[in-house]
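One structure is given below, encoded as structure tokens.
The values are calculated or read from the model by the stated rules, or taken from the named source; none is laboratory data. Please read these numbers as outputs of a predicted model, since none were measured by experiment. Every residue, glycine among them, receives a Cβ derived from its backbone with ideal geometry; neighbour counts consider all protein chains shown. Only protein heavy atoms, including side chains, enter the accessible area calculation; ligands, DNA and RNA are left aside. Shrake-Rupley method; radii C 1.70, N 1.55, O 1.52, S 1.80 Å.
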Amino acid sequence: MPSNAHFYEPSRGHELPHNPFKAIVGPRPIGWISSRDREGRLNLAPYSFFNAFADTPPIIGFSSSGYKDSVRNIEATGEFCWQLSTRALAEAMNQSSASVAAEVDEFELAGLTSQASRVVGVPHVKEAQVVFECRRTQTLRLQSAAGEEIDNWLVLGEVVGVHIDSALLEDGIYQTAAARPILRGGGPADYFEISPDQNFKMSRPG
């Protein structure tokens with residue numbers, strides 16, 4: 001590490017114009033999550049802390065800062081869907097992030113179509129090229145190294161149904177960049193797009 005490296009302890013502040021943590025851990029996949037409450041009201045919201053955690057069975061998860069509608073709905077029904085955020089749907093995804101009352105349908109707010117899912121009771125975004133239908137496996141309240149509970153909630157779910165636009169399959173192989181997926185950056189408005197020209201290949205040793 002260079003001798004002039006910037007060092008800070010997060011609990012004491014970063015002393016920079018903008019917190020670099022999210023920019024360093026990035027770009028991050030977007031957890032675009034649809035859910036439904038017990039009364040049948042729909043919710044659609046993006047989460048920038050999202051990833052895959054297992055493949056057999058496939059398990060994905062997202063973390064919510066605060067016990068928001070998505071967490072509450074999934075706790076109540078045990079189901080949710082994840083939709084792939086792409087460049088073509090970026091503006092709609094962003095619109096669905098608006099802080100609105102629980103009774104507001106973000107599908108309508110973002111001009112998107114809700115489509116019935118095949119396995120779970122929660123509908124998904126019809127316009128999305130990839131959708132995971134999920135059943136909740138765990139909800140964990142995160143805690144600090146000191147064991148103090150914090151207001152962040154990790155929701156994990158098993159993927160029980162997968163929808164893939166056939167245009168994204170080439171000889172049966174999913175083409176990651178074909179959908180032009182977008183990822184969250186660290187700045188207040190930063191996103192990144194994956195394009196085919198960014199691909200490089202590297203085989204595992206041994």
Identity of the residue in the stretch 152-179, among the charged types (D, E, K, R) and within 28 Å of GLY121 (Cα to Cα), that ends up surrounded by the fewest Cβ atoms within 10 Å (Cβ to Cβ): ASP165
Enumeration of residues in the stretch 47-67 that are surrounded by fewer than 22 Cβ atoms within 10 Å (Cβ to Cβ), in contact (Cβ under 8 Å) with a residue 40 or more places away in the chain and not β-branched (Val, Ile, Thr): SER48, PHE53, PRO57, PRO58, SER63, SER65, GLY66, TYR67
Test: residue in the stretch 20-29 that is farther than 19 Å from ALA189 by Cβ and not aromatic (Phe, Trp, Tyr): no
Exclusive hit being of a type outside the set (Lys, Arg), free of Cβ contacts under 8 Å to residues at least 40 places away in the same chain and crowded, with 16+ Cβ neighbours inside 10 Å, set ASN73, ASN43: ASN73
Residue within the stretch 75-88 that is closer than 28 Å to ALA178 by Cβ and among the aliphatic types (A, V, I, L, M) present: yes
Residues satisfying the stated conditions in the stretch 1-40, i.e. among the small types (Gly, Ala, Ser) and either surrounded by 12 or more Cβ atoms within 10 Å (Cβ to Cβ) or under 19 Å from the mean Cα position of the chain (by Cα) (or both): ALA23, GLY26, GLY31, SER34, SER35
Test: ALA110 is crowded, with 16+ Cβ neighbours inside 10 Å, over 22 Å from GLU39 (Cβ atoms), of a type in the set (Gly, Ala, Ser) and modelled with pLDDT of 95 or more: no
Flag for GLY206 being under 21 Å from the mean Cα position of the chain (by Cα), modelled with pLDDT under 95 and of a type in the set (Gly, Ala, Ser): no
Odd one out for ALA116, checked against (1) of a type in the set (A, V, I, L, M, F, W, C); (2) more than 15 Å from the chain's Cα centre (by Cα); (3) closer than 21 Å to PHE62 by Cα: (3)
Boolean, GLU127 is closer than 26 Å to LEU42 by Cα and open to solvent by less than 90 Å² (accessible area, probe 1.4 Å): yes
